[in-house]
């Protein structure tokens, strides 16, 4: 019978609660994982996943894409005949005063984000988006018990804890590897 200790990932990548969301995104990509435990010293305080980052990005305001007409004396956006007056400047001119990188091309903006509109992942930390409810199993649990736990709780990874110490991570990828190596029984 297979146990969690037989298939878990031992080389656990972790991040600190104060890390920026950009640092976490880079870690997920460079290490080829979809989530990592969040630690404060030796204590596990949460988990942050690609889903958490995507949820944050979906809720974050995007870069401004429209402008309001200035509320200046003598400026009217509507002519007497009911048609709208078009300003002399292109619509993008309004934003030039606000964006120090407005003259930069897209590649430059993405490579060196310097303003909050382009750098929202730098402005926020893991602590703001991490899941604090920890899902864990013991290294002595059977693979079947761990799989049932993960299904019941709707999670793709669980921490493997032994006497309060993080000793590994068990993910759906570990199950796929185990099935391909050991077969379906376990």
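The values are calculated or read from the model by the stated rules, or taken from the named source; none is laboratory data. Note that the structure is predicted; figures quoted are calculated from it, not measured. Cβ atoms come from the backbone with ideal geometry, glycine included; neighbour counts cover every protein chain shown.
A few points about this structure:
Yes or no, residue by residue, for (1) touching a residue at least 12 places away in the same chain (Cβ under 8 Å); (2) touching a helix residue (DSSP H, G or I) at 6+ places or on another chain (Cβ under 7 Å); (3) crowded, with 16+ Cβ neighbours inside 10 Å:
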| position | (1), (2), (3) |
| --- | --- |
| 120 | yes, no, yes |
| 126 | yes, yes, yes |
| 139 | yes, yes, yes |
| 147 | yes, yes, yes |
| 158 | yes, yes, yes |
| 179 | no, no, no |
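- Residues in region 14-33 that are under 16 Å from residue 156 (Cα atoms) and surrounded by 15 or more Cβ atoms within 10 Å (Cβ to Cβ): 28, 33.
- Spans of helices (runs of 4 or more DSSP H) in region 76-181 with at least 2 residues over 30 Å from residue 59 (Cα atoms) and modelled with pLDDT of 95 or more: 143-153
- Taken together, the residues in region 34-65 that are farther than 16 Å from residue 128 by Cα and either surrounded by 13 or more Cβ atoms within 10 Å (Cβ to Cβ) or modelled with pLDDT of 95 or more (or both) amount to 1.
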